[in-house]
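The structure appears below as structure tokens.
The values are calculated or read from the model by the stated rules, or taken from the named source; none is laboratory data. Computed from a predicted model, the values in this text were never measured in an experiment. Note: ideal-geometry Cβ built from the backbone for every residue, glycine included; neighbour counts use all protein chains shown. Side chains included, ligands, DNA and RNA excluded: accessible areas come from the protein's heavy atoms. Shrake-Rupley method; radii C 1.70, N 1.55, O 1.52, S 1.80 Å.
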Amino acid sequence: MGQAAKVLQLFKTLHRTRQQVFKNDVRALEARIKINEEFKSNKSETSPKKIEELMKIGSDVELLLRTSVIQGIHTDHNTLKLIPRKDLLLENVPYCDAPTQKQ
């Protein structure tokens, strides 16, 4: 896959992740503007090393958003209701009534 195709794939992946992570949050969904600005500002970059570095940053941001961000809704003055996505809950360790001790 060519470098331009990889950049385009990362661009699309960041936008898909943004839509999933910030679902129903109009203000947070405006992160699309920042994503577009960052890609546009580096559009004329020609150095393969710099492009790889920028792609690494973009991939890290996508991973961070997908694995670490959780939505919260103010339900009361001092109360937040957390809305975890299903893919965040998959890594939880199941509850065990009788844990075993490590040797």
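Is it the case, given these coordinates, that LYS49 is over 17 Å from the mean Cα position of the chain (by Cα) and under 22 Å from GLN19 (Cβ atoms)? Considered against the rule, which asks whether it is over 17 Å from the mean Cα position of the chain (by Cα) and under 22 Å from GLN19 (Cβ atoms), LYS49 comes out as no. Restricting attention to the stretch 62-103 and to residues that are under 26 Å from PHE11 (Cα atoms) and among the basic types (Lys, Arg), the residue that is modelled with the highest pLDDT turns out to be ARG66. Residues that are under 14 Å from LEU65 (Cα atoms) and not in a helix (DSSP H, G or I) within the stretch 9-29 comprise PHE22, LYS23, listed in sequence order. Taking residues in the stretch 53-76 that are in a helix (DSSP H, G or I), and partners anywhere that are open to solvent by less than 80 Å² (accessible area, probe 1.4 Å) and of a type in the set (S, T, N, Q), the pairs with Cβ atoms closer than 8 Å and at least 6 places apart or on different chains are LEU54/ASN42; GLU62/THR13; GLU62/THR17; LEU65/THR17; ARG66/THR17. Out of the residues in the stretch 7-31 that are modelled with pLDDT of 90 or more and surrounded by 14 or more Cβ atoms within 10 Å (Cβ to Cβ), which is nearest to LEU88 (Cα to Cα)? So the residue we want is THR17.
Residue pairs whose Cβ atoms lie under 8 Å apart, sitting 6 or more positions apart in sequence or on different chains, and linking a residue in the stretch 30-46 that is under 16 Å from ARG16 (Cα atoms) to a partner that is in a loop (DSSP other than H, G, I, E, B) and open to solvent by less than 80 Å² (accessible area, probe 1.4 Å), are ALA31/PHE22.
When only residues in the stretch 32-55 that are basic (Lys, Arg) and closer than 16 Å to LEU8 by Cβ count, which is least open to solvent (accessible area, probe 1.4 Å)? Step through it out loud before you land on a result.
From the stretch 32-55, those basic (Lys, Arg) are 32, 34, 40, 43, 49-50; that's our starting set.
Retained after the next criterion (residues that are closer than 16 Å to LEU8 by Cβ): 32, 40, 43.
Details: ARG32: 113, LYS40: 155, LYS43: 168 Å².
Ranking the candidates gives ARG32 first.
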